[in-house]
Amino acid sequence: VIFTGCHSGIGHAAARQLAGLGAEVHGLDWKPSDLSLRSFTQVDLRDPGQITAALTGLSGPFDALFNCAGMPPGGPPLDVMKANFLGMRLLTDRILPQMRSGGAVVNVSSNGGMGWRGHLGELLELESLQGFDEGVQWCETHGDLVAEGYRCSKEAIIVWTFASAARNIACGIRPNCTLPGAVQTPMLEEIEKTTPSAAIDVIAQPIGRRSSADEQAAALLFLGSPQASYINGAALPVDGGFLSVMSVKS
């Protein structure tokens, strides 16, 4: 399997759990990983050239791809879109031809992307632009929607997961994504620099606490496993019930 984002947080926890179960895990991240993996390659998902170079040393067939890498809000919006969506999509497209039938792609989105329905037309337009550079141009001409980058990138992941599921299930590959809520990771610490902790604590309701990275990893590993063989194109909330409560209240 391949993991992006195995330096810390959800990706680190999931890669550690799966390697501990005996999987052959190949890690990709722009920061070093302290995990004992079959291989590790440093790569910046904002750079298509680095993505191509990183994949040169990897050969399939692969059983699963876990896209856990991501930048928090606060950085340049275009950089956030590149790392969280455009680079992730490019890497996935390059790996898909090397995946076995029966395999899975599992993407980490966020319940921060729950507004995707309101921007579906624009996001489908972005989804249809397969090239990295074309995606960058789209972002540059949709500044109002891209905004700080994070929310739009997470909405784009959800819509792309749905569209990708329709395309790739014919090859026996199941794309799904998770929608984490408040997760106590280094990324959340970065988010708290721009978002009041009280607002994050609201997202931690009704369960009344923040998730651990290991709890999020368990959901990822399930979606990537044969036990989830009939789950395709799902956006699974792993947020302690926040989205369900919001739906009832609305």
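Here is how the numbers come out for the structure above:
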{"read-out": "Residue that is farthest from Ser110 (Cα to Cα), among those in segment 146-173 that are open to solvent by 30 Å² or more (accessible area, probe 1.4 Å) and not hydrophobic (A, V, I, L, M, F, W, C)", "value": "Arg167"}
{"read-out": "Helices (runs of 4 or more DSSP H) (entirely within segment 71-173) containing at least 2 residues that are closer than 20 Å to Ile231 by Cα", "value": "150-168"}
{"read-out": "Residue count, segment 214-233 (criterion: in a loop (DSSP other than H, G, I, E, B) and open to solvent by less than 30 Å² (accessible area, probe 1.4 Å))", "value": "3"}
{"read-out": "Test: Met88 is closer than 21 Å to Cys152 by Cβ, touching a Leu at 6+ places or on another chain (Cβ under 7 Å) and open to solvent by less than 30 Å² (accessible area, probe 1.4 Å)", "value": "yes"}
{"read-out": "Residues (farther than 15 Å from Ala213 by Cα and either in contact (Cβ under 8 Å) with a residue 60 or more places away in the chain or part of a loop (DSSP other than H, G, I, E, B) (or both)) located in segment 5-34", "value": "Leu21, Gly22, Ala23, Glu24, Val25, Leu28, Trp30, Lys31, Pro32, Ser33, Asp34"}
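Table: residues versus (1) of a type outside the set (Val, Ile, Thr); (2) at pLDDT 95 or above; (3) open to solvent by 50 Å² or more (accessible area, probe 1.4 Å).
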position: Glu122; (1), (2), (3): yes, yes, yes
position: Asp144; (1), (2), (3): yes, yes, yes
position: Leu188; (1), (2), (3): yes, no, no
position: Ile191; (1), (2), (3): no, no, no
position: Pro196; (1), (2), (3): yes, no, yes
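The values are calculated or read from the model by the stated rules, or taken from the named source; none is laboratory data. All values derive from a computational prediction rather than experimental measurement. Note that we place each Cβ from the backbone using ideal geometry, even for glycine, and neighbour counts take in every protein chain shown. Calculation scope for accessible area: heavy atoms of the full protein, side chains included, ligands and nucleic acids excluded. Shrake-Rupley method; radii C 1.70, N 1.55, O 1.52, S 1.80 Å.
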